[in-house]
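Read through the structure below, which is laid out as C-alpha cells, and then see the notes.
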Amino acid sequence: MYAQMVKSEATEEDPEKLAAFQARIDAGERIEPKDWMPEGYRKTLIRQIGQHAHSEIVGQLPEGNWITRAPTLERKAILLAKVQDEAGHGLYLYCAAETLGISRDELTEQLLSGKMKYSSIFNYPTLTWADIGAVGWLVDGAAIMNQVPLQRTSFGPYARAMVRICKEESFHQRQGYDLIRKMAEGTPEQKAMAQDALNRFWYPSLMMFGPSDKDSVHSTQSMAWKIKINTNDELRQKFVDQTVPQAEFLGLTIPDENLKWNEDKGGYDFSEPDWNEFYEVLKGNGPCNADRMEARTRAWRDGAWVRDGLMAHARKQATRRVAAE
Amino acid sequence: MSSEWPLWEVFIRGQHGLNHRHVGSLHAPDAELAIRHARDVYTRRNEGVSIWVVPSAQITASAPSEKGPLFEPANDKVYRHPTFYDIPDEVGHM
Ligand SMILES: [Fe+2]
Ligand SMILES: [Fe+2]
Ligand SMILES: [Fe+2]
C-alpha cells in the first residue's frame, strides 16, 4: 500500500526473549519505543513507517499541481486543506519512525538517495482537474482501506499516528468523490474527463495494495508481528467491492471487461493490474519518478539555509538569555 | 554543524477544560516556533484552546523494566476502590 513490498528482516536473537515478545503481541499488548524488541521488528518498522511517511509527503505533489488552477475559490480552499493534511500525516509518521532510533534527516536523506521508497501511485501524473477527484476517491479510498486496520498495529506510536490519520482521511475521500460527481453530472465533455480519469487511475490504484499474496514474500513475519493486518489480496478485493457501486452511481464504467459479480465468493471477479508496470514504476521508470525526486531534492536543498538560519538564531537567543540571567 | 531541529513534545488542552494531553511531537528550532508548528500540525480542526511544548530531551521516563516494582504494588489494594465496600440498598445512592 503506501508501504508496498516492505521487506521484513530476519531476526537472530535469544529465542526466549523472542517468544516473550511474540506472546506480548499475541496478547494484544502494544509495544512501546523503550521496550525490548527484536532487531528485525525495529528495522522492518523503520522501513514501513518511513515509506508510509515519504508517501504522504511525495503524495502532496500530484495534487499540489492543481492548487493554483482549481476552478473555484471553494475548491481551492478544499484542496489546500487536503494537501496540508497530507503534510501533517507525513509528520506524524516521521515522528513515529524516529522513536525507533533513526533521525528525521536520515529518513529524508534515504528518500532522496533512493534507498527508501514511496508508494508507486504518486509516480502517475494528474493531467486534468478530474484527476484530482479520482485521486481523492480512489487513492485516498485505497489508503483508508489499509490504514483503518493499522490503527490496531502492535507498535504504539504507529498505531496512534494511524488513529489521527484515519480521522482526517474520510474528508479526503469524500471531497474527491464529490468533485468527480460534479463532473460526471456535468456536460458530456466533463463526464468524459471523469471517465478518462477513472480509466487512468483504476489499475494504479489496485497496485497500491502490492503484489498478489502468492508473490508476496514478506507477509508472514509482518503479520505475526501485527505490523501488517490483512493480506494484499484481501484489501484489494475489499476495495473493488466497495468502489464498483460508487462508480455505477456516477454512471462511470470501471475499465475492466472481466469485472463480474461472483455470487459464490460474494465479491467481484476482476482483472489484475499489469505487474510488470508496477515493478518498473518501483524501479524508478514510472511517468513521474524523476519529477517527484527532483521536486523533493530541490525543496530539501533550497530549504537548507532556512533550517540553518533558524537554528543559528535559536542558538544565539539561548546564549543571550543565559547571559542576561 | 548539524542543522536538525530539536524534537519537542506537544500537549494540547481541548475545549472542555480537561488536562493538557500529549498528542505527539515535532521538530522546531525554538519554543516559539514549536508552538506555531504545533498549531499547524495538531490543531487544524479545533482540537485545542491551549498548547504546551516541552523539549523531548527534558522528559524523564520510567524504564520498562521498572514496571513491576512501580505499578504492581497497586494491584492488591482493592480497598482503594469504592466498589470494595458494600452499601445496603436502603442507604440509597452513595
Ligand atoms: Fe494521508
Ligand atoms: Fe494520502
Ligand atoms: Fe489523504
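Results, tabulated for the structure shown:
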quantity	calculated
Segments classed as helices (runs of 4 or more DSSP H), wholly inside the stretch A:213-325, with at least 1 members that are within 14 Å of chain B (Cβ to nearest Cβ) and open to solvent by 70 Å² or more (accessible area, probe 1.4 Å)	A:289-302, A:304-324
In the stretch A:54-74, the residues that are crowded, with 24+ Cβ neighbours inside 10 Å and more than 13 Å from ligand 3 (Cβ to nearest atom)	A:H54
Selection within the stretch A:151-166 - part of a helix (DSSP H, G or I) and away from ligand 1 (no atom under 11 Å from the Cβ)	A:G156, A:P157, A:Y158, A:A159, A:R160, A:V163
Residue match in the stretch A:144-163 (condition: touching a residue at least 12 places away in the same chain (Cβ under 8 Å), hydroxyl-bearing (S, T, Y) and within 15 Å of ligand 2 (Cβ to nearest atom))	no
Residue within the stretch A:168-178 that is assigned to a loop (DSSP other than H, G, I, E, B) and within 14 Å of chain B (Cβ to nearest Cβ) present	no
Residue selected from the stretch A:124-159 under the condition touching a Pro at 6+ places or on another chain (Cβ under 8 Å) and farther than 21 Å from A:P287 by Cα, by the criterion nearest to ligand 3 (Cβ to nearest atom)	A:P157
Within the stretch A:76-100, tally of residues that are more than 12 Å from ligand 3 (Cβ to nearest atom), more than 12 Å from every other protein chain (Cβ to nearest Cβ) and either modelled with pLDDT under 95 or open to solvent by less than 30 Å² (accessible area, probe 1.4 Å) (or both)	1
Unique match (being within 13 Å of the chain's Cα centre (by Cα), more than 8 Å from every other protein chain (Cβ to nearest Cβ) and farther than 20 Å from A:G88 by Cα) among B:I51, B:I59	B:I59
Any hit, the stretch A:180-194, residues being open to solvent by less than 10 Å² (accessible area, probe 1.4 Å), within 16 Å of ligand 3 (Cβ to nearest atom) and under 26 Å from A:H89 (Cα atoms)	yes
Flag for B:R45 being more than 10 Å from chain A (Cβ to nearest Cβ), more than 17 Å from A:R104 (Cβ to Cβ) and surrounded by fewer than 18 Cβ atoms within 10 Å (Cβ to Cβ)	no
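The values are calculated or read from the model by the stated rules, or taken from the named source; none is laboratory data. Values in this document were obtained by computation on a predicted structure and should not be read as measured data. All Cβ positions, even for glycine, are placed from backbone atoms using ideal geometry, and neighbour counts span all protein chains on display. SASA here: full protein model, heavy atoms, side chains in, ligands and nucleic acids out. Shrake-Rupley method; radii C 1.70, N 1.55, O 1.52, S 1.80 Å.
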